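Taken together, the values in this text are just the output of simple stated rules run on the coordinates, not laboratory data. In this text the structure is predicted, and so the values were computed from the model without any measurement. Cβ placement follows ideal geometry from the backbone for every residue including glycine, while neighbour counts extend to all protein chains displayed.
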Amino acid sequence: MKITKIERKRFRVRNKIKKVSKTDRYRLSVNRSTKNISVQIIDDEKNITILSASSNTKEIRSLKKNKKDMSTLVAETLAKKAKDMKITKVYFDRGIYKYHGRVKLLADELRKNGMEF
């Protein structure tokens, strides 16, 4: 079975992260579409999602902001949830997306709110 270009990119980035990852950190995975952005904190040992935040939630969708503002709001909500669960150190998994634009804004906002990666 042939693997597509997107699957190869995703596989390459995630495997590099998983090789260097230790048990003291979780993986922060970013998923971006043309209109929305979502973020998850994942425990790879147990294969479960611990926290998630998305621009599809009612609170963020009702504000009707542009896409850049949505990514900063999603980062703020995830950082608040992570602080409540005492999660500060994660590995940033950008997936197939370049570290540019909305993905970079999301990462910068997470750093401002106390996340380390």
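Counted over region 16-111, the DSSP beta bridges are approximately 75% antiparallel. Placing +1 on the Cβ of every Lys and Arg and -1 on the Cβ of every Asp and Glu, with nothing else charged, gives the chain a dipole about its Cα centre of roughly 600 debye. Note on V39, V30: ascending count of other Cβ atoms within 10 Å places them as V30, V39, the fewest first. Between region 42-109 and region 7-26, the alpha-carbon centres lie 18 Å apart. In a DSSP loop and with at most 10 other Cβ atoms within 10 Å, the GluC sites (Glu not before Pro) in region 1-83 are E45. Each residue of region 81-94 is assigned a 3J(HN,Hα), and the resulting list reads 5, 5, 5, 5, 8, 6, 9, 10, 9, 9, 9, 8, 9, 7 Hz, derived from the Karplus form 6.51 cos²θ - 1.76 cosθ + 1.60 (θ = phi - 60°), x at Gly and Pro.
The amide H of Y26, built 1.01 Å from its N in the peptide plane, has Y91 as neighbours under 5 Å, considering only residues 5 or more places off or on other chains. In the chain, the ratio of gyration radius to Kirkwood radius, Rg to Rh, stands at 0.97 when only Cα atoms are counted.
The H on the amide N of L51, modeled in the peptide plane, is under 5 Å from the matching H of I41, each at least 5 residues off or on a different chain. Dividing the convex hull volume of the alpha carbon atoms of region 50-117 by its residue count gives 90 Å³ per residue. Among the lysines, select those whose C-alpha is under 23 Å from the C-alpha of K89, and discard any that sit fewer than 8 residues away in the same chain. List returned: K16, K18, K19, K22, K46, K80, K81, K98, K104, K112.
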